[in-house]
1. Please check: in the Gaussian network model of the chain (C-alpha springs, under 10 Å), which one of Leu141, Leu61, Leu90 has the largest mean-square fluctuation.
2. Residue-wise, which Karplus ³J(HN,Hα) couplings in Hz belong to region 35-43, taking 6.51 cos²θ - 1.76 cosθ + 1.60, θ = phi - 60°, and x for glycine or proline?
3. Give the angle, between 0 and 90 degrees and rounded to the nearest 10, that separates the Cα long axis of helix 24-34 from the longest principal axis of the Cα atoms of the chain.
4. Among all cysteines in the chain, which have no other cysteine Cβ under 4.7 Å from their own Cβ?
5. Got a sec to turn the phi values of region 147-161 into Karplus ³J(HN,Hα) couplings, 6.51 cos²θ - 1.76 cosθ + 1.60 with θ = phi - 60°, whole Hz, x for Gly and Pro?
6. Do any GluC sites (Glu not before Pro) in region 96-151 lie in a DSSP loop with no more than 13 other beta carbon atoms within 10 Å, and if so, which?
7. Viscosity 1.002 mPa s, temperature 20 °C: what is the translational diffusion coefficient of the chain from Stokes-Einstein with a Kirkwood Rh over Cα pairs, rounded to a whole number of µm²/s?
8. Grab the DSSP H runs of the chain that are 4 residues or longer, score each as -39,500 (n - 2.57), total them, divide by all residues and round the 222 nm result to the nearest 500 deg cm²/dmol.
Amino acid sequence: MPKRADLSDTFCPVGRSAELLGDRAVLLILRDLFFGRRRFEAIAANTGLRPQLASARLKLLEGEGVVARHAYQDRPPRYEYRLTDKGKDLFGVLYAMRGWAERWAYAEGETGGGPAMRYIHRACGTDVGTAPVCPGCGAALGYGDLKGEPSPALKAEQAARSG
């Protein structure tokens, strides 16, 4: 496999973003963190990543200031990962990717006739579809504003991964 170009010092903002977010393991970990999974075992199991890869990417995200590690148990030492403000700011990126995928990435009927993930605006209860602004109340949608309801197909996939 050819070596990737290092884009960490480019002045192009897309290149800088791609340096961190161009890794699918990073995106899957961020997705799980946005869904409230904080513990390493849950993140590794749900993403399907090997523990070594999940650990390496979590360390990268911690080093970049996207997540912070917090102890939840002393013996043996165990940690959970929480999004920082910098990490929470990535919500719009992943939400836009989700919107694109809901429109273009599935075959007809593949998700059971509806979206793979349905989002409800916590403040007003409206199903927001893939809109960046709530169609019910007009509020811009951001981190923590939505409650996700996975489709039966997605629930089955998640259950199979978590064993």
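The values are calculated or read from the model by the stated rules, or taken from the named source; none is laboratory data. These numbers come from a predicted model, not from an experiment. Methodologically, a virtual Cβ is constructed for each residue, glycine included, from the backbone with ideal geometry; neighbour enumeration extends over all protein chains shown. For the accessible areas, the whole protein counts, side chains as well, though only heavy atoms, and no ligand, DNA or RNA atoms are used. Shrake-Rupley method; radii C 1.70, N 1.55, O 1.52, S 1.80 Å.
1. In the Gaussian network model the winner is Leu141.
2. 7, x, 6, 10, 8, 3, 4, 5, 5
3. That works out to roughly 60 degrees.
4. Those would be Cys12, Cys134, since no other cysteine Cβ in the chain comes under 4.7 Å of theirs.
5. 10, x, 10, x, 5, x, 5, 5, 4, 5, 5, 5, 5, 5, 6
6. Values: sites: Glu102, Glu108, Glu110; in loops: Glu108, Glu110.
In loop regions of region 96-151 (DSSP not H, G, I, E or B), the sparsely surrounded GluC sites (Glu not before Pro) are Glu108, Glu110.
7. Details: Rh = 17.4 Å.
In µm²/s, the coefficient rounds to 123.
8. -12500 deg cm²/dmol
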